[in-house]
């Protein structure tokens, strides 16, 4: 559980553009025993949305010349390794990432002002989701 929360914290910091504080740690909450016993995590819907946002950012940031390489795909891979190494959950997360990517791929062929606005909104939403997950489920 600790690895999962720390991965979400790392994604939150990346999406928000902040650097992690030296020595910062998170501990799993007392309120998440269901996730530890193999049930769905209480933040699954948020993770699915975060996966979709990462897919959209992977496409849009490259389209708009951010020159970040596989940064967003790598963050998705880190989430998958921490949260969903196998099974249905992994399939859903990958599907959401791909949906985020392909929905913008079908719409934007060049970086437009609207694409730039979408990037900013997704960065903000991803940071908000990540902050809420870490605030609610870490001590």
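Only the coordinates and a few stated rules stand behind these numbers; no lab work does. Please read these numbers as outputs of a predicted model, since none were measured by experiment. All Cβ positions, glycine included, derive from the backbone under ideal geometry; neighbour counts span all protein chains shown.
Spin-label model, residue 88/residue 64: points 7 Å from Cα along the beta carbon direction are separated by 3.6 nm. Dividing the mean sequence gap of close Cα pairs (under 8 Å, 6+ apart) by how many residues the range 43-113 holds gives a relative contact order of 50 percent. By other beta-carbon atoms within 10 Å, ranking 116, 138 with the fewest at the front produces 116, 138.
Hey, could you get me the Stokes-Einstein D for the range 58-139, Kirkwood radius over alpha-carbon pairs, 10 °C and 1.306 mPa s, rounded to whole µm² s⁻¹? D, rounded to a whole number, is 113 µm²/s.
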